[in-house]
Amino acid sequence: MRKKSKIVVSCLMAAGLIITPAAAAQEGPPNQQAAQAFDNKVIKKIDKERIYQHVYDLSVGIGIRVAGTEGELKAVNYIANQYRSMGLDVEIQPFELKTYQSPTEVSLTISNSALSLSPRAFSYSPATPAEGIGGEVVYAGLGGPSDFAKTDVEGKIALIERGSYTFIEKVENAAAAGAKAVIMYNNGSGPLSASLNSTGKFVPTVGLTRDEGLQILGQLEEGQSVEATVKVVGGGVVTRTSHNVIATKKPHKNHDTGQIIYVGSHHDSVPGAPGASDNASGVGVNLEIARAISNMQTDTEIRFLTFGAEELGLLGSSHYVSTLTEDEKDRSVGMFNFDMVGSKNAGDMIMYTVDGKRNVITDTAASASVRVSKPLTYGQVGRSDHQPFHDAGIAAAVYSYAPLEPQYHQPTDTIEHISKERMENIARIVTASVYQIARKDTPALEKSRVAPQPVEPEFENRPIQ
Ligand code: BES
Ligand code: ZN
């Protein structure tokens, strides 16, 4: 937690605004009632039908929203228009990413052979010319340095078995030894799909099943000369533009604490998945919290954010945090992140921090959860957009469920599995939390209250998948 937000925490604690579920039970009725009166002013505005409509529009109306694609851009414009309609200041923040585009044609043919092969191009394999790369196949064992020391693959195609070294090491070794292409076969059952990366020095590489690989090896062991043609056509690393949406609710001009709260959710999905739960649900909740709070008088700047390219490695949130000045970071109270908050098929609601420790965000929400719902459970997870905020010293937590639903990252992550009530519940808790921090009219009663001693919650370490 950064210096100035520590002040916020201690002020909130002194004001009795932060309590753990255990402390909540000890809280006196007058203060509880006062806090609930403030909660009610804002949470009564939360409309689960509106949240659901956003999830519908994003996951059915728009559909798959992979970062850098037309689908993501439609989602970005939809979200920006929603925030604009609430009177917020909206900025669309572009950033570039490098991603791998799948090839349009992948094949492997062995001359003078009736072998029928179903090769898969490795992700990030360099492309071949349209006519492919032809050459003699040589067996290079496991593709380690000792294999290439005893095998001449210069200008040839290396046949390598999976195992012992990483895919990247094997293909880099083959490229360094002068191979023109690599054929790799599995060491277990099933097809071999694998990934290289965007930075190594590779040659075109395809994966085969174990049976397919052993048939080629069999021909070599019989002393035959095997000539192959590898085609990986049209794929490669491409630069694309993804976007974050930044909607700001400025504080009241005469009542400005100078502090900032963030409410974030990623809007992109993985390829093939309409991402109703992951993460149209998080965006829907985010938009509804923004609407509920947009007309309230607040003394703290609130930034509603949706991020692109979370699924490609938290790229949007990392980019956003990299644009914050030191002054902005110092003024940051914390970040509430929503990721997968809609599924009927997931487990209990959890709030996760990156380090497994409580902070101003979890404490405020723990307190609000007791007032407006039931106590939230804690856990430790990164894996989402709260991570870059945490890394920058800003208190952050992600709201989700454990265990995750079976539809996670599947084409079946569709609107049918979405629960309006689950989204409404988390929207109520976080709306009350945000308003608690940002509202300007904290009553004297609460200010004079002696804060209960915080109780260290037991963080759970549940596997989420
Ligand atoms: N929504 C998921 C996973 C998740 C669930 C994170 C609950 C946090 C709380 C997220 O979009 C995701 O798939 N993340 C990736 C990692 C990321 C760094 C690419 C993952 O978990 O594999
Ligand atoms: Zn997600």
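For a bin width of 5 Å, list the pair-distance distribution of segment 268-314 built from all Cα-Cα distances, rounded to whole %.
P(r) over segment 268-314, rounded to whole percents: 5, 18, 24, 20, 13, 10, 7, 2, 0.
Given a cut-off of 34 Å, what percent of all Cα-Cα pairs of the chain lie beyond it?
Tail of the P(r) past 34 Å holds 44 percent of the pairs.
Rg over Rh of segment 87-174, using C-alpha atoms and the Kirkwood radius, what does it come to?
We get a ratio of 1.18 for segment 87-174.
Could you tell me the calculated FRET efficiency between Glu131 and Asn81, based on Cβ-Cβ distance and R0 = 51 angstrom, to the nearest 0.05? List each step's numbers first, then the result.
Values: r = 48 Å, r/R0 = 0.94.
Once rounded, the FRET efficiency stands at 0.60.
Just how large is the dipole of the chain about the Cα centre, in debye to the nearest 20, putting +1 at every Lys and Arg Cβ and -1 at every Asp and Glu Cβ?
That gives a dipole near 1780 debye.
Report the one residue of Thr239, Val226, Thr199 whose Cα lies farthest in the direction of the positive end of the charge dipole of segment 199-251 (charges on C-beta: Lys and Arg +1, Asp and Glu -1; origin at the Cα centre).
Thr239
Along the charge dipole of the chain, Cβ charges K/R +1 and D/E -1, which of Gly379, Tyr83, Ser281 sits furthest on the positive end?
Comparing the listed Cα positions along the dipole, Tyr83 ranks first.
If you take the beta carbon distance between Asn197 and Glu105 as r and set R0 to 22 Å, what does 1/(1 + (r/R0)^6) give as a FRET efficiency, to the nearest 0.05?
Rounded to the nearest 0.05, the efficiency is 0.45.
Mind listing the long-range amide H neighbours of Gly143? Cut-off is under 5 Å, sequence gap 5 or more, other chains count too, H placed in the peptide plane at 1.01 Å from N.
Answer set, sorted by chain and number: Glu161.
Cα extents of segment 54-137 along the three principal axes, largest first, in whole Å?
Sorted largest first, the three principal extents are 70, 26, 16 Å.
At 7 Å along the Cα-to-beta-carbon direction for both Val60 and Glu169, put a label point, then send me their distance in nm to one decimal.
The two pseudo-label positions are separated by 5.1 nm.
At a probe radius of 1.4 Å, what is the per-residue accessible area of Glu70, in Å² to the nearest 10?
Approximately 120 Å² for this residue.
Between Lys440 and Glu222, how high is the FRET efficiency from 1/(1 + (r/R0)^6) when r is the Cβ-Cβ distance and R₀ = 51 Å? Nearest 0.05.
So the FRET efficiency works out to roughly 0.05.
Divide by every residue of the chain the summed helix terms, -39500 (n - 2.57) for each DSSP H run of at least 4, and state the resulting mean residue ellipticity at 222 nm, rounded to the nearest 500 deg cm²/dmol.
Counting only the DSSP helices, I get -10000 deg cm²/dmol.
Add +1 for every Lys or Arg and -1 for every Asp or Glu among the other residues with Cβ under 11 Å from the Cβ of Val226, and state the total. Before the final figure, lay out the partial values.
Details: positive: Lys156; negative: Glu136, Glu221, Glu222, Glu227.
Local net charge: -3.
Report, by chain and number, residues whose modeled amide H sits under 5 Å from the one on Val263, excluding near sequence neighbours (fewer than 5 apart, same chain).
Residues meeting the criterion, in which the H sits 1.01 Å from N, are Arg303, Phe304, Leu305, Phe336.
Can you give me the accessible area per residue for segment 242-401, using a 1.4 Å probe, in Å²?
Numbers: 4080 Å² over 160 residues.
I get 25 Å² per residue for this part.
Which of the chymotrypsin sites (Phe, Trp or Tyr not before Pro) found in segment 45-145 are in a DSSP loop and have at most 10 neighbouring Cβ atoms, other than their own, within 10 Å?
Listed in order of number, the matching sites amount to none.
Ignoring ligands, DNA and RNA, please state the percent of accessible area on the chain from carbon and sulfur, probe 1.4 Å.
On the way: 9090 of 18560 Å².
The value for the chain is 49 percent carbon and sulfur by accessible area.
Give me the extension gain from Asn254 to Lys344: residue separation times 0.36 nm, minus the current Cα-Cα distance, reported in nm with one decimal.
Result: 28.0 nm gained on full extension.
Could you give the dipole magnitude of segment 82-217 about its Cα centre, charging the beta-carbon of Lys and Arg +1 and that of Asp and Glu -1, in debye to the nearest 20?
Here segment 82-217 has a charge dipole of around 140 debye.
I'd like the accessible area for Lys98: 1.4 Å probe, protein heavy atoms, all chains in place, Å² to the nearest 10.
Roll a 1.4 Å probe over it and Lys98 shows about 130 Å².
If you average over every viewing direction, what projected area does the convex hull of the Cα atoms of segment 328-394 give, in nm²? Display every interim value, and only then the final one.
On the way: hull surface 19.8 nm².
Projected area, direction-averaged: 4.9 nm².
Over segment 364-408, what lengths in whole Å, largest first, do the semi-axes of the equivalent ellipsoid take, defined as the square roots of 5 times the eigenvalues of the alpha-carbon gyration tensor?
Working from the Cα gyration tensor, I get semi-axes of 20, 18, 7 Å.
Just the Kirkwood number for segment 199-305, please: inverse of mean 1/r across all distinct Cα pairs, in Å, one decimal.
Details: mean 1/r = 0.0508 Å⁻¹.
It is 19.7 Å.
At a probe radius of 1.4 Å, what is the per-residue accessible area of Lys231, in Å² to the nearest 10?
50
Give me the orientation-averaged projected area of the Cα convex hull of segment 284-373, in nm², one decimal.
Computed as one quarter of the Cα hull surface, the answer is 7.7 nm².
The values are calculated or read from the model by the stated rules, or taken from the named source; none is laboratory data. All values derive from a computational prediction rather than experimental measurement. Cβ coordinates were reconstructed from backbone atoms using ideal geometry, including for glycine residues, and neighbour counts include every protein chain displayed. All accessible areas refer to the heavy atoms of the entire protein, side chains included, with ligands and DNA or RNA removed. Shrake-Rupley method; radii C 1.70, N 1.55, O 1.52, S 1.80 Å.
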